[in-house]
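J.: Once you've had a glance at the structure underneath, I'll fire off some questions.
The values are calculated or read from the model by the stated rules, or taken from the named source; none is laboratory data. These numbers were taken from a predicted model, which means no experiment stands behind them. Cβ coordinates were reconstructed from backbone atoms using ideal geometry, including for glycine residues, and neighbour counts include every protein chain displayed.
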Amino acid sequence: MSVSSVATEVVDPVPGAEAPHLPHQPDLVQLLTPEGERVEHPEYSVDVSPEELRDLYRDLALVRRWDVEATALQRQGELGIWASLLGQEAAQIGAGRAMAPDDMAFPTYREHGVAWTRGVDPLHVISLFRGVDNGGWDPVATHFNLYTVVIGAQTLHATGYAMGLQRDGAESAALAFLGDGATSQGEVNEAMIWAASFSAPVVFFCQNNQYAISVPLERQSRVPLYQRAAGFGFPGVRVDGNDVLAVLAVTRAALAAAHDGQGPTFIEAFTYRMGAHTTSDDPTRYRLASELEEWKLRDPIARLKAYLSRSGIADHDFFDAVEAEADELAVRIRRGTVEMPDPPGTAMFDSVYAEQTPHLARQRAEFEAYQASFEGGVER
Amino acid sequence: MTQTLTIGKALNLGLRRAMEDDPKVVLMGEDIGRLGGVFRVTDGLQKDFGDDRVVDTPLAEAGILGTAVGLAMRGYRPVCEIQFDGFVFPAYNQIVTQVAKIHARSRGKLAMPIVIRIPFGGGIGAVEHHSESPEAYFAHTPGLKVVAVSNPVDAYWGIQQAIAHPDPIVFLEPKRRYWEKAEVDTGAPPGPLFASRVVRGGDDVTLLAYGPMVKTALQAAQAAADEGRSIEVVDLRSLSPLDLDPVFESVRRTGRCVVVHEAQVTLGLGAEIAARVSETCFHSLEAPVLRVGGYDTPYPPSKLEEEYLPDLDRVLDAVDRAMGF
Ligand SMILES: Cc1ncc(C[n+]2csc(CCOP(=O)(O)OP(=O)(O)O)c2C)c(N)n1
Ligand SMILES: [Mg+2]
């Protein structure tokens with residue numbers, strides 16, 4: 001058995017995935033096994049230096065630490081809610097690091113790892129979940145759009161952005177993020193039709209984390225998601241979403257094809273949401289703990305760590321240094337969160353329109369006068 | 001037969017009873033089965049009635065409402081849950097162009113006994129799209145009826161009445177009040193669904209509210225009473241059709257009317273009510289009808305929602321203005 005056939009014969013560990021209605025598990029692009037072995041793939045390879053490998057590890061470890069800290073902050077009442085990326089770090093770091101600076105990302109609400117790769121300050125993501133604003137970063141400067149909470153809406157935005165790139169003759173692409181549940185939305189299907197019809201330079205990056213809140217993939221699709229792309233008329237590929245190298249390779253290739261005028265690609269990153277849907281969710285109501293235990297064996301960070309140690313690319317000192325950096329990051333996030341000032345009440349009036357209306361300006365003034373009437377201990 | 005119930009549990013029991021009474025009742029929505037809904041309103045129903053009657057749907061609101069139309073044509077009574085107010089819009093086309101119009105289009109040959117349950121309103125510290133008050137869009141649409149419950153009694157009986165009713169109903173649930181408790185008489189026959197109700201008597205000002213704002217209005221009336229002011233509070237209950245006769249009767253006595261809702265003031269329910277009260281009670285009015293509502297901005301990030309939402313002080317401020325006119 002050749003190495004490459006081993007790589008494509010990954011047994012799918014998801015309970016129910018072998019239900020009779022599902023066709024045989026298709027090929028899964030993998031370059032790093034769950035045990036941390038580098039393997040070849042006939043179509044995809046990735047050229048990464050030892051230094052880049054260490055950087056990928058650092059990215060993975062730091063975003064996980066950010067995520068853990070944010071979850072703790074929510075539990076302590078500092079955030080309204082948090083949508084954890086736990087388990088999806090490799091999918092997000094791999095996709096984010098595949099992007100060129102001028103490529104544009106269109107995230108959902110869970111792409112903290114991609115935000116990290118675009119240089120977005122974690123506190124600018126935290127401020128959304130704290131209820132201070134709807135995301136504190138500049139989507140133009142970072143090439144990372146604001147989070148979109150309405151499922152699937154951003155896939156059309158990405159497609160339109162790609163149509164703009166096309167008209168401008170820019171050698172860039174849009175990367176639309178979506179979940180497995182989102183693939184059921186009409187708008188997502190419209191986005192794929194538009195992308196195909198106009199051969200738009202957009203890549204649909206679907207993190208199939210097996211659930212839409214409590215609803216398992218089987219309710220959204222009777223075929224593996226990547227196979228949907230064929231029906232729209234462009235390539236689809238399933239990649240091991242817990243393998244940062246494979247995700248990097250597959251996303252780079254798709255973006256290169258888009259840059260090159262070859263139109264859209266659909267990437268299904270096969271992964272698992274190791275935490276709750278959000279901090280408001282209770283997954284014990286709808287899934288078995290044993291499922292999580294199985295997926296822990298495919299942890300995206302552990303496998304890279306195993307590979308880096310075994311191959312001598314990184315040593316104890318390196319891992320200790322990353323750990324120390326993660327500690328510092330956590331401290332910075334915690335301090336920045338608890339010290340984050342509340343916005344002034346007038347903020348809600350200030351950017352509703354590009355050109356303020358007289359009516360809203362008047363309402364703002366009334367609001368200020370009303371608020372002022374409480375100041376200085378005025379009792380009503 | 002009385003029980004102490006929260007609004008959420010009252011809805012749960014009301015749904016259960018409706019499903020027992022009529023095998024054609026089918027519940028549809030995202031995460032309503034195994035999970036029991038994100039607010040647990042459908043908790044336990046899939047286990048007891050099966051997954052043909054409590055359907056975890058694909059993640060597609062247009063699909064939920066569009067297939068509800070077809071099911072209704074086969075004699076089913078779909079009860080559709082929209083997970084949060086801000087996510088009804090993918091279904092808006094189906095609701096406004098189809099659900100609302102099919103009865104008229106078919107000259108009454110096709111009925112659309114569909115209930116669209118929507119947890120609505122703010123105050124829970126959520127992120128964007130989880131705190132909206134979209135009632136005016138639906139009340140503006142001929143063919144739809146719109147009700148908003150404010151307490152466990154109306155939740156328990158209202159959901160059953162809505163399901164039994166032949167027209168499509170947008171059924172608004174005050175999400176921040178889901179955990180409010182009251183005694184519910186599960187044996188007593190209910191009053192009508194499309195009727196407003198005076199929930200506190202008074203002589204100086206008529207204060208109108210619905211859904212989550214009823215509690216705020218009652219608190220304001222209590223605070224005003226401590227200052228010697230007598231406020232009559234009306235729970236509108238039905239937003240389309242509006243039942244304003246009790247309101248007119250009240251305003252003719254008080255001469256003053258204040259309407260409060262969380263929704264943005266401009267073209268909200270208050271605008272329609274102010275127009276009708278002015279038309280009908282013009283000679284009795286001592287002051288213009290005043291509105292208290294959300295500012296004309298997008299619902300703000302949660303750190304600002306307390307300043308955005310009408311509260312006791314803002315209601316009393318309007319009462320003062322009405323009195324001082
Ligand atoms: C239009 C719309 N409907 C419902 C919701 C509520 N909701 C938030 S996340 C979610 C599940 C999304 O699942 P998936 O697309 O798989 O993404 P994941 O959360 O797993 O990353 C739902 C139903 C929403 N945000 N938008
Ligand atoms: Mg998912």
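J.: Please find, within the range A:95-115, the residue that is surrounded by the most Cβ atoms within 10 Å (Cβ to Cβ) out of those that are within 16 Å of ligand 1 (Cβ to nearest atom) and small (Gly, Ala, Ser).
T.: By that ranking, first place goes to A:Ala95.
J.: Same structure, new question: Residues in the range B:157-179 that are among the aromatic types (Phe, Trp, Tyr) and closer than 13 Å to B:Pro192 by Cα: how many?
T.: 1
J.: Does A:Ala254 satisfy the criteria of being in the same structural domain as A:Leu60 (by TED's automatic domain parsing), under 21 Å from the mean Cα position of the chain (by Cα) and closer than 19 Å to A:Ile193 by Cβ?
T.: yes
J.: In addition: In the range B:51-94, how many are within 16 Å of B:Glu30 (Cβ to Cβ) and either of a type outside the set (Gly, Ala, Ser) or outside the structural domain of B:Glu20 (by TED's automatic domain parsing) (or both)?
T.: 24
J.: Would a scan of the range B:66-73 turn up a residue that is within 18 Å of the chain's Cα centre (by Cα) and within 14 Å of chain A (Cβ to nearest Cβ)?
T.: Taking every residue of the range B:66-73 in turn, none turns out to be within 18 Å of the chain's Cα centre (by Cα) and within 14 Å of chain A (Cβ to nearest Cβ).
J.: Exactly one condition in (1) within 11 Å of chain A (Cβ to nearest Cβ); (2) more than 19 Å from A:Gln363 (Cα to Cα); (3) small (Gly, Ala, Ser) is false for B:Gly324; which is it?
T.: Result: B:Gly324 passes all but (1).
J.: When the residues of the range A:75-92 are narrowed to those that are away from ligand 1 (no atom under 16 Å from the Cβ) and touching a residue at least 60 places away in the same chain (Cβ under 8 Å), which ends up surrounded by the most Cβ atoms within 10 Å (Cβ to Cβ)?
T.: A:Leu79
J.: Which numbered condition in (1) within 23 Å of A:Leu56 (Cα to Cα); (2) more than 16 Å from the chain's Cα centre (by Cα) is the only one that A:Arg130 fails?
T.: (1)
J.: For the range A:257-286, give me each residue that is more than 12 Å from ligand 2 (Cβ to nearest atom) and closer than 21 Å to A:Gly233 by Cβ.
T.: Across the range A:257-286, the qualifying residues are A:Ala257, A:Ala258, A:His259, A:Asp260, A:Gly261, A:Gln262, A:Gly263, A:Pro264, A:Thr265, A:Phe266, A:Ile267.
Here's the yes/no breakdown for (1) in contact (Cβ under 8 Å) with a residue 24 or more places away in the chain; (2) of a type in the set (S, T, N, Q); (3) under 24 Å from A:Glu69 (Cβ atoms):
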| site | (1), (2), (3) |
| --- | --- |
| A:Ala229 | yes, no, no |
| A:Leu255 | yes, no, no |
| A:Thr265 | yes, yes, no |
| A:Lys296 | no, no, yes |
| A:Asp299 | yes, no, yes |
| A:Ala324 | no, no, yes |
| A:Ile333 | yes, no, yes |
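J.: Considering each residue of the range B:256-272, count those that are part of a strand (DSSP E or B) and under 10 Å from B:Ala209 (Cα atoms), and give that number.
T.: Residues flagged as part of a strand (DSSP E or B) and under 10 Å from B:Ala209 (Cα atoms) within the range B:256-272 amount to 5.
J.: Quickly run through the range B:270-296 and pick out the residues that are crowded, with 20+ Cβ neighbours inside 10 Å and among the polar types (S, T, N, Q).
T.: none
J.: Would you confirm whether any residue within the range A:200-214 is more than 18 Å from the chain's Cα centre (by Cα), closer than 22 Å to A:Arg273 by Cα, more than 14 Å from chain B (Cβ to nearest Cβ) and surrounded by 17 or more Cβ atoms within 10 Å (Cβ to Cβ)?
T.: No, every residue in the range A:200-214 fails to be more than 18 Å from the chain's Cα centre (by Cα), closer than 22 Å to A:Arg273 by Cα, more than 14 Å from chain B (Cβ to nearest Cβ) and surrounded by 17 or more Cβ atoms within 10 Å (Cβ to Cβ).
J.: Could I ask something else about it? Output the residue which, of all residues in the range B:6-62 that are on the phi > 0 side of the Ramachandran plot and over 19 Å from the mean Cα position of the chain (by Cα), is farthest from the other protein chains (Cβ to nearest Cβ).
T.: Taking the candidates together, the pick is B:Gly50.
J.: Shifting gears a bit: Based on this model, can you work out whether B:Arg314 counts as in contact with an Asp or Glu (Cβ under 6 Å, 6 or more places away or on another chain) and not aromatic (Phe, Trp, Tyr)?
T.: Answer is no for this residue.
Residue-wise test of (1) without any contact (Cβ under 8 Å) to a residue 60 or more places away in the chain; (2) within 29 Å of B:Trp157 (Cα to Cα); (3) away from chain A (no Cβ under 11 Å).
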| site | (1), (2), (3) |
| --- | --- |
| B:Asp245 | yes, yes, yes |
| B:Thr254 | yes, no, yes |
| B:Val265 | yes, no, no |
| B:Glu279 | yes, no, yes |
| B:Val289 | yes, no, yes |
| B:Glu307 | yes, no, no |
| B:Asp313 | yes, no, no |
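J.: Here is a further query. Going by what's in this entry, would B:Arg256 be described as crowded, with 21+ Cβ neighbours inside 10 Å, among the basic types (Lys, Arg) and under 14 Å from B:Arg197 (Cα atoms)?
T.: Answer is no for this residue.
J.: Of all residues in the range A:187-231 being of a type in the set (Phe, Trp, Tyr) and outside any strand (DSSP E or B), which is farthest from ligand 1 (Cβ to nearest atom)?
T.: Among residues in the range A:187-231 that are of a type in the set (Phe, Trp, Tyr) and outside any strand (DSSP E or B), the one farthest from ligand 1 (Cβ to nearest atom) is A:Phe198.
J.: Separate question: It is to be established whether one or more residues within the range B:39-58 are modelled with pLDDT of 95 or more, small (Gly, Ala, Ser) and buried (at least 23 other Cβ atoms within 10 Å of the Cβ).
T.: No, because not a single residue in the range B:39-58 is modelled with pLDDT of 95 or more, small (Gly, Ala, Ser) and buried (at least 23 other Cβ atoms within 10 Å of the Cβ).
J.: Can you tell me which residues in the range A:278-319 are under 22 Å from A:Gly96 (Cβ atoms) and within 14 Å of chain B (Cβ to nearest Cβ)?
T.: A:Thr278
J.: Of the conditions (1) in a loop (DSSP other than H, G, I, E, B); (2) over 19 Å from A:Thr265 (Cβ atoms); (3) within 14 Å of chain B (Cβ to nearest Cβ), A:Thr108 fails just one. Which one is it?
T.: It is condition (2) that A:Thr108 fails.
J.: Inspect all residues belonging to the range A:124-142 and state whether any of them is within 16 Å of ligand 1 (Cβ to nearest atom), surrounded by fewer than 18 Cβ atoms within 10 Å (Cβ to Cβ), without any contact (Cβ under 8 Å) to a residue 60 or more places away in the chain and in a loop (DSSP other than H, G, I, E, B).
T.: yes
J.: Could you run through the range A:157-205 and say how many residues are within 16 Å of ligand 2 (Cβ to nearest atom) and more than 13 Å from A:Phe232 (Cβ to Cβ)?
T.: Count: 10.
J.: Scan the range A:149-159 residue by residue and report those that are surrounded by fewer than 22 Cβ atoms within 10 Å (Cβ to Cβ) and either without any contact (Cβ under 8 Å) to a residue 12 or more places away in the chain or in contact with a strand residue (DSSP E or B) (Cβ under 7 Å, 6 or more places away or on another chain) (or both).
T.: A:Val150, A:His157 - these are the residues of the range A:149-159 that are surrounded by fewer than 22 Cβ atoms within 10 Å (Cβ to Cβ) and either without any contact (Cβ under 8 Å) to a residue 12 or more places away in the chain or in contact with a strand residue (DSSP E or B) (Cβ under 7 Å, 6 or more places away or on another chain) (or both).
J.: Next question. Which of the residues that make up the range A:333-352 are in a helix (DSSP H, G or I), surrounded by 14 or more Cβ atoms within 10 Å (Cβ to Cβ) and either among the aliphatic types (A, V, I, L, M) or more than 10 Å from chain B (Cβ to nearest Cβ) (or both)?
T.: Scanning the range A:333-352 gives A:Ile333, A:Arg334, A:Gly336, A:Thr337, A:Ala347, A:Met348.
J.: Name the pairs: first residue in the range A:206-218 and more than 16 Å from A:Arg228 (Cβ to Cβ), second residue in a strand (DSSP E or B) and near ligand 1 (Cβ under 8 Å from one of its atoms), Cβ to Cβ under 9 Å, at least 6 apart or on different chains?
T.: Within 9 Å, the pairs are A:Asn209/A:Gly179; A:Tyr211/A:Gly179.
J.: Among residues belonging to the range A:165-186 that are under 22 Å from A:Glu89 (Cα atoms) and assigned to a helix (DSSP H, G or I), point out the one that is farthest from ligand 1 (Cβ to nearest atom).
T.: The extreme case among them is A:Thr183.
J.: What do you reckon, is B:Ala275 within 12 Å of B:Cys257 (Cβ to Cβ) and not in a helix (DSSP H, G or I)?
T.: No, not satisfied.
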